[in-house]
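Asks: Please read through the structure below; I'll follow up with questions.
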Amino acid sequence: MRSLNVALDERAYDIHIGSGLIDRGDLYASVLKRKRAVVISNDVVAPLYASRVLDALDRAGVAHQLVVLPDGEAHKDWPTLNLIFDALLGARVERSTTLIALGGGVIGDMVGFAAATYQRGVPFIQVPTTLLAQVDSSVGGKTAINHPLGKNMIGAFHQPRLVLADTATLDTLPERELKAGLAEVIKYGLIRDREFFDWLEVNMPRLLAREPDALSHAIERSCRNKAEVVIEDETETGVRATLNLGHTFGHAIETGLGYGEWLHGEAVASGTLMAVELSRRLGWLNDDDVARIRDIHASAGLLFAGPRLGVERYLELMSHDKKVDAGKLRLVLLKRIGEAVIHGDAPLSDIAAAIEHCCAHA
Ligand code: NAD
Ligand code: GLY
């Protein structure tokens with residue numbers, strides 16, 4: 001087991017990474033205030049893994065119940081969130097009970113938001129079962145649901161008490177989901193960890209082949225990068241925004257196409273290539289870096305043309321971004337591989353040209 005700590009003073013917590021961790025009742029029990037937990041999952045993940053989590057809680061003497069939600073990004077919404085509150089209130093769940101999010105980023109974000117708001121806040125544990133959730137969404141305390149006008153627009157910061165990333169759960173993850181998770185892995189190399197980017201260039205085939213050592217290394221390195229950023233800027237007043245490389249474009253793709261049409265990681269990959277093209281037009285990224293970034297996306301199966309929503313529609317959707325300040329669009333761009341900047345002065349004509357370029361070319 002590899003372990004990291006997200007050192008946020010009284011909100012500090014451990015991230016454990018390893019095979020078989022969902023069976024470790026002692027790990028769940030170690031952070032519980034009272035020996036009571038509600039496991040919340042979806043109708044894809046629960047049949048695969050919920051009974052193992054419940055058995056582990058039994059062995060640790062933890063009373064529990066299970067709530068199963070409909071699967072998918074299209075259900076990351078108010079009606080589905082309310083199903084959690086219905087179950088918690090129906091069972092008279094008290095504030096000392098811990099919620100356990102078992103699933104990918106959709107479950108993690110929704111259960112986290114439920115935990116942030118149920119009776120003004122209850123503890124929760126993240127048990128991420130997708131690569132994307134293990135490298136990104138389970139760490140850092142961003143919780144949210146989508147709104148028809150914008151992705152992740154309703155939410156709260158609420159840190160988990162523990163993250164248990166069981167790498168063996170990735171065995172059942174569909175290929176397309178594995179690749180989508182790689183988009184967020186590549187992101188860390190691009191924004192702040194050039195050495196990791198170099199490693200990814202060599203080891204991408206091992207990750208696609210799900211070699212346990214390679215996956216564990218990539219998950220640990222990603223979590224370490226994310227934890228360092230979150231410790232420095234927990235509520236995104238500055239550097240944390242760089243974790244959103246490609247997301248302003250990507251969220252426009254997800255909202256514009258309808259939630260769930262493209263996977264989040266696919267939209268982030270496409271959005272990253274738009275940010276890269278814009279960075280090139282601003283004279284920052286050189287041709288060699290651009291070629292390496294395109295190549296690494298290609299090797300992860302993530303190089304495709306952006307959906308043709310029309311530039312006006314992209315810009316309209318991007319104007320809802322959470323980084324917009326005083327009406328001004330602020331974008332995460334790259335100075336070079338390993339160095340991101342937040343930039344509010346890119347000419348609209350260059351932004352439009354970058355979008356058009358990436359919608360026309362894979
Ligand atoms: P997801 O949660 O929809 O999971 C992808 C699919 O895989 C789902 O159908 C899920 O049921 C299934 N699945 C999950 N684990 C499985 C397993 N082990 N075996 C088989 N199937 C499995 O998608 P995701 O990519 O994990 O997460 C995307 C979401 O995360 C988006 O809503 C995005 O906004 C959010 N996100 C949040 C943050 C954050 O900081 N909070 C960061 C990045 C992304
Ligand atoms: N995924 C972006 C963040 O956690 O800040």
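The numbers here are math on the coordinates, done by the rules we state, and not lab data. Just so we're clear, the structure is a prediction, and the values are computed from it rather than from any experiment. All Cβ positions, glycine included, derive from the backbone under ideal geometry; neighbour counts span all protein chains shown.
Asks: Each label point is 7 Å from the Cα along the Cα-to-Cβ direction; what then is the distance between the points at Q119 and L8, in nm?
Replies: Output for this residue pair reads 2.1 nm.
Asks: From the convex hull of the Cα coordinates of region 1-64, what is the mean projected area in square nanometres?
Replies: Computing the convex hull of the Cα atoms and averaging its projections yields 4.9 nm².
Asks: Rounding to the nearest 10 and keeping the result within 0 to 90°, find how far the Cα-based axis of helix 264-281 lies from the longest principal axis of the chain.
Replies: 30 degrees
Asks: Also, quick follow-up: Looking at the chain, identify the longest residue range that excludes and avoids all trypsin sites (Lys or Arg not before Pro) in DSSP loops having at most 16 other Cβ atoms within 10 Å. Walk me through the numbers before you get to the answer.
Replies: On the way: sites that count: K33, R34, K35, R92, R95, R210, R308.
With a cap of 16 other Cβ atoms within 10 Å, the longest stretch comes to 96-209.
Asks: Pull out the extension gain between K335 and R52, defined as 0.36 nm times the separation in residues minus the alpha carbon to alpha carbon distance; nm, one decimal.
Replies: So the chain would gain 97.3 nm between K335 and R52.
Asks: Can you pull the semi-axes for the chain, root of five times each eigenvalue of the Cα gyration tensor, sorted largest first, whole Å?
Replies: 34, 22, 18
Asks: Let me ask you something else. Any idea what the relative contact order of region 184-322 is, in percent, if you count C-alpha pairs under 8 Å spaced at least 6 apart?
Replies: That works out to 23 percent.
Asks: Could you check the simple spin-label distance between R59 and A298, using points 7 Å along Cα→Cβ, in nm with one decimal?
Replies: 4.7 nm
Asks: Contact order normalised by length for region 22-138, with contacts defined as Cα pairs under 8 Å and 6 or more residues apart; what percent is it?
Replies: Answer for region 22-138 is 28 percent.
Asks: Restrict the search to region 274-354; then list the GluC sites (Glu not before Pro) that DSSP places in a loop and that have at most 11 other Cβ atoms within 10 Å of their Cβ.
Replies: none
Asks: Enumerate the amide H contacts of V341 below 5 Å, restricted to partners 5 or more residues apart or on another chain; note that Pro and chain-start residues carry no placed amide H.
Replies: The list, which skips near neighbours in sequence, is L333, L334, K335.
Asks: What residue among V111, V31, V127 has the largest mean-square fluctuation in a Gaussian network model of the chain, using Cα springs under 10 Å?
Replies: V31
Asks: Same structure, new question: Rounded, prolate or oblate: pick one for region 286-362, where a ≥ b ≥ c are the square roots of the eigenvalues of its C-alpha gyration tensor, a/c under 1.5 means rounded, and failing that, prolate if a/b is larger than b/c, else oblate.
Replies: It comes out oblate by the Cα gyration axes.
Asks: For the chain, what is the relative contact order in percent, using Cα pairs closer than 8 Å and at least 6 residues apart in sequence?
Replies: Relative contact order for the chain comes out at 15 percent.
Asks: Based only on Cα atoms, what Rg/Rh ratio does region 215-362 have, Rh being taken as Kirkwood's radius?
Replies: On the way: Rg = 14.8 Å, Rh = 15.7 Å.
Rounded to two decimals, Rg/Rh equals 0.94.
Asks: Assuming a ≥ b ≥ c are the square roots of the Cα gyration tensor eigenvalues, decide whether region 187-298 counts as rounded (a/c under 1.5), prolate (otherwise, with a/b larger than b/c) or oblate.
Replies: In terms of gyration-tensor shape, rounded.
Asks: What's the extension gain from D77 to E316 if we count 0.36 nm per residue and subtract their Cα-Cα distance?
Replies: 83.9 nm
Asks: Helix 348-360 versus the longest principal axis of the chain: what is the Cα-based angle in degrees, 0 to 90, to the nearest 10?
Replies: The helix 348-360 is inclined about 80 degrees to the chain.
Asks: Test of understanding: what is the full-extension gain from E201 to M153, defined as 0.36 nm times their sequence separation minus their Cα-Cα distance?
Replies: Values: separation 48, 0.36 × 48 = 17.28 nm, distance 3.40 nm.
In short, 13.9 nm is gained.
Asks: Further question: Along the charge dipole of the chain, which of S349, A180, V44 sits closest to the positive end, that is, farthest toward it, with unit charges on the beta carbon of Lys, Arg, Asp and Glu (+1, +1, -1, -1)?
Replies: V44
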